[in-house]
Every structure is written in C-alpha cells, then in structure tokens.
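Novice: Below is a structure I'd like to ask you about.
Bear in mind that the values in this text are calculations on the coordinates, not laboratory data. All values derive from a computational prediction rather than experimental measurement. All Cβ positions, glycine included, derive from the backbone under ideal geometry; neighbour counts span all protein chains shown.
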Ligand code: ADP
Ligand code: MG
C-alpha cells in the first residue's frame, strides 16, 4: 500500500492553529494591541467596522518592523520575543508563541504598513489566506498599521458562529477595557463605525478606571498597596456600598496582563463577608507584580488563565490586603449572624426541629366565605400581585385537590378537649389560608399528603415570567410612566448589551432612551412588574442576561423575559404578609407550569406525612 501520511500544507496548519488563537474579532484586537504594546507603543488607535467583520485596524507608534521582519512576522513560530526555551520562564511580554500573525493571515486579508523610526521608507505587505499578494516599499508613519479585512472569509463555519454585531462588539470593548486597565500609561482609542467609544489618554490607574467606568466610581475606590517578597499588590477595591449585583468591575492583572482567577476572586469576596448585601459583587482592580518565573502563562492559548507557583500563599496575602484596606477605611465588618431579613442558607427539609409554631394572627372579622381581597403589592407600589382575571386562568381544580380533606372537619373538632387552645382551632378552620413563610425564603403550606414547600423567589419568577410572555404574545404593552425619570450610566460593554436588547425591553413595556455616552434614561417600566427601583432591575437584568446560556440571537426575547422575571422577583429575605403569601400561592397555581421556574429549577416539593411520622418515632 502506498504511504498515506502527508505533512499538512502550511496554510492549512495555520488555519487549524488559528482556530485556537482567533475565535472572534475580539481575539484579533487583543493579539494586535498586545503586539503594539510589546513594540513599545505609547499610542494605539483601534478602528472597527461592523463589529470587526469587515475591518479591524490597529495603528501604533511602536518600533515598527524592517522589511524582512515584516515578512517573517507572518511565519508560524516567528517571534522576536524569545530566543531560547529558557526565555519562556522570564517572559514579560504579551507575545512569545509567534502564532498570532500567522493565524490571522490564514483566515483574513491583512494589510500591513510598518516603518522603523530611523528609516525613510516603510514596508507594505498584503496577504490573503496565507498567500502574499504584494510586498513593496512605501511612505508611511513610524510604527505599525495593521488592517484586517473580511475576517473568516475562507472559514464559513467560523463566520456562521459569530454572534450578533452588538455581542461581538461587546467582546471587543471588553478586550480593550482589560488592556487599557492593564496599561494605563498608554493612550488608547476605540472607534466603531466612525464613532468614538473610548478616547483614553495616558494616565495613572485611578484616572484610567474613572475614564472607563464613570466619575461616580472615583470616591468609591479604596487603594491597595502591599509588598512582600513573593508578590506586590497594587490597585483598588470598591467600597461595599458600590458593589453591584452585576459582574463587570472585577479585574485582576498579573505583570500587566489581564487574568481570570476564580480562586483569587473568592479570596477577595470572602474578605467582604458580612459587609455586602446578598448577591452583591465587590468591584476590584488589583495588579499583581511578581517574578515571571513564578507564574506559568502558557497553559492556555489565549493566556488568560495563569498558574501560580505559590498560589495559596498569595491567596492569603491577597485576602489580608483586602481586609486591611477595608479596615483602614473604617469599613469594619459587623458580624451579626441572625439579622432580621438576612438571607438564610437553605436547610435540608429534614431538620424541622428548628421550626417554631407559626404565629397566627387572628382576624376577628375573618369570614372564610368572603371572596378573597388580598393585599395588592409587596412594596406599596404597583399592582404586581393582582391575579389574572378568572377567565384566563387555567383549570386550577388539580392543585386545589391537593388541599382536599383539609377542610375543617366539624365532627372531629367537636371531640376536641375543651381546653384546646382557641388559636389552634382557628388555624384549623383556615387551613388553606394557613400557609406560613419560613426563613423568609420558603412558604410552607399543608396539603392533603403532607407539607408543601414552595420556594418564594422561584414561584414569583414563574408568575412574572408567564405574565411577561403574555405581554409579548398579545402585544399588550402597558408601560407605567415614572414620575421622576431616572438616568443612569453603564460601563461600555453593559451599555452595548443594553442597547442591543432595548427593542425587546420596549415590547415588554420598558421605556428607556439611549442618551449617548453610555447613559440612559428610564421613563417607564412594564405595568406587570413591581418596580420601585428600575435601575436595580436593569442591572440585575443585564447580569442575568449575561449568564443566560443559549443562542442570544434566536431567543433574545425569551431570555429577556426570563432575566427580567428573575431580576424583579421578590428576593429571598423578604418578609411576606399573610395576604401576600396566599396571593403568591394562588397566582402560582394559576400558571401553566407551576412546578418549575423559567430556568427549570424546582419550585415546590411535598414532604409526605409519613416522613413526619417517621421523624417522631
Ligand atoms: P508573538 O507576539 O508571539 O511574538 P506574533 O505573531 O503576534 O507573535 O508576532 C510576530 C512578531 O511580529 C513579533 O514577535 C514582533 O517581532 C513582530 N510584530 C508584530 N506586531 C508588531 C508591531 N505592532 N510592531 C512591531 N513588531 C511587531
Ligand atoms: Mg503577539
């Protein structure tokens, strides 16, 4: 049989390698901007068209390349940054794999203009799909000017997997944000389709943070400054009151490189323990400086995951510095384990020994045959809780049968001893109404076969979600105008995200206008929601939305509805009035799918009567 093994042609090998390094337009931006920084640039301009699909241009005033280097730069494993394997351990530059340019040239059209400062003429190179089309001397500015056109023109599969323009642009903005924070002394601008997103002049860390995240953040920055033999930590953490429900202001850098490090994230969050509201995430911008030999940046092709030699020691140092910084600013954690309204960790259902007998308030005027007229809202505003009109309700007989047998049995009551507490009897009579809230998180309600436990937040999510879907399906937008329209500012990537879902939010009843410069004004909110703090809801909505899996383009409206329901549902820790509890149960069972939250989590479960009997054996 003839030999069948062949070496892949370089262009194919480069295309395969490109898949690892270049996943989307933002990867190109990252690689080229990092190269510019390695070339010593102090000014970098990034121009993007159509979220990078048609054009990515990076102009720098760095050292430039000679004509041979310019040609060599596109070869795989061509790098000026390491000479021997040992160099890898002392690497302080961003590059060194020598893969980026070869990869980009394999999957796009590249035009390069570059000139060294001491030369009169520069070099122009045009490459398309790894083949050189032109190389010639040219008059041009000092430094390097890359234009990447028609990204993935020869890899349709990749092109197909690109997300919408706003989503791809958001990735680009995020990359620029990280690089800009890591290198505050470098001037960086970002333009998209001709309009400026960022124009940042070289400065220090604080000014850079403020120019990226808005001036409000300034007074919320607490400096961090710790130097040990292992690591030097600088930068800022945010005041607890500045913590948001949304991710977006959490940045770690190591030797001027952005890194993701969930373990270190935990160290920081733990230092804030007990001084943050539940679910709030503190802001931080922390810069690690350490001997490059003590880290391994090579474990991931895009080099954002970094391995530390002395990880646990650094963990301790990091947490201590954050605690110290918080302490210096008199933000001393007040340790209070049983604050009213605090969120409890859910207990396993079988530990019922802690449950105290619910306190039942007796309403002397109560008449079980009156039609219910429950309290209408959780915070006094809006009609968030009014049940759907009876005509629209699905048949509720199924769930009501859960309660059968719980109606007051007068004959057995008659047999009760005379000294039985009155309160107990009244409770029995109101069985169906006698649901109670437990740990401000669950609703316990007796049913025929045992005790039903309902997760209050998930239940409310389900109710709101079905209403929102109804609004969408019936085009019955009802917007509740704000008395005082509120303005708010987002960071650039959240602003792009919000802009991209604005049309969907409008169909749901939000009246939000884009004010430019990443600020927005809320004039109205959906009538079906209880929105006393619309800005918070928008923030949580964005966070939920970012964390939603699935194809954002196809299911955008549904994802918005789910996220919105999650963001506006009554939170854990919220005390419900008895009327509200009943209303919640009532509305839950009027839903099409009362058992599962919009994200598929269990809303309720029944603990069978036998289990209680077993417990007390
Ligand atoms: P790496 O950055 O890992 O070395 P790249 O493929 O990104 O690999 O770049 C290859 C080489 O091209 C670099 O090592 C550098 O010498 C040169 N180069 C790339 N971009 C620039 C630039 N903007 N200015 C000067 N030289 C550059
Ligand atoms: Mg590089």
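Novice: What is the distance, in nm, between label points placed 7 Å from the Cα along the Cα-to-Cβ direction at residue 47 and at residue 546?
Specialist: Going from the residue 47 label point to the residue 546 one covers 3.0 nm.
Novice: Return 506, 24 ranked ascending by Cβ neighbour count within 10 Å, so the fewest neighbours appear first. It would help to have the intermediate numbers written out before the result.
Specialist: Numbers: 506 15, 24 21.
Lowest count first: 506, 24.
Novice: How far apart, in nm, are two points set 7 Å out from the Cα along the Cα-to-Cβ line at residue 616 and at residue 119?
Specialist: The two pseudo-label positions are separated by 9.0 nm.
Novice: Something else: With all pairs of different alpha carbon atoms counted, what Kirkwood hydrodynamic radius in Å does the range 205-328 show?
Specialist: The Cα-based Kirkwood calculation yields 14.8 Å.
Novice: For the range 448-465, list residues with backbone N below 16 Å from a point placed 7 Å from the Cα of residue 601 toward its Cβ?
Specialist: It comes to 453-465, nothing else.
Novice: Continuing with the same structure: What is the fewest-to-most order of 161, 285 by other Cβ atoms lying within 10 Å of their Cβ?
Specialist: Final ranking by Cβ density, sparse to dense: 161, 285.
Novice: If I stretch the segment between residue 135 and residue 72 completely, what's the gain in nm (0.36 nm per residue apart, minus their alpha carbon distance), one decimal?
Specialist: 21.5 nm
Novice: Oh, and also: With a cut-off of 15 Å, note down the residues of the range 213-231 whose backbone N falls inside the zone around a label point 7 Å from the Cα of residue 291 toward its beta carbon.
Specialist: 228-231
Novice: Quick one: compute the contact order of the range 10-200, relative version, from alpha carbon pairs under 8 angstrom and 6+ residues apart, as a percent.
Specialist: Dividing the mean separation by the residue count of the range 10-200 yields 28 percent.
Novice: For an R0 of 56 angstrom, estimate the FRET efficiency from the Cβ-Cβ distance between residue 219 and residue 81 and round to the nearest 0.05.
Specialist: For R0 = 56 Å, the calculated efficiency reads 0.85.
Novice: Normalise the Cα radius of gyration of the range 10-200 by 2.2 N^0.38 Å (N = residues in it) and let me know the number. Walk me through the numbers before you get to the answer.
Specialist: Details: Rg = 15.6 Å, N = 191, 2.2 N^0.38 = 16.2 Å.
Normalised Cα radius of gyration, the range 10-200: 0.97.
Novice: Between residue 211 and residue 320, what is the label-to-label distance in nm when each label sits 7 Å out along the Cα-to-Cβ direction?
Specialist: 3.6
Novice: Sorting 139, 208, 97 on the 10 Å Cβ count, fewest up front, what's the list?
Specialist: With the fewest neighbours first, 139, 208, 97 line up as 139, 97, 208.
Novice: As an exercise, take the mean of 1/r over every pair of distinct alpha carbons in the range 454-604, invert it, and state the Kirkwood radius in angstroms. Intermediate values should be presented prior to the final figure.
Specialist: On the way: mean 1/r = 0.0634 Å⁻¹.
One over the average 1/r among Cα pairs gives 15.8 Å for the range 454-604.
Novice: Given R₀ = 25 Å, what would the calculated FRET efficiency be for residue 126 paired with residue 54, taking r from the Cβ atoms and rounding to 0.05?
Specialist: 0.95
Novice: As a test, work out the antiparallel percent of DSSP beta bridges whose residues both lie in the range 205-328, rounded to the nearest 5.
Specialist: Around 75 percent antiparallel, to the nearest 5.
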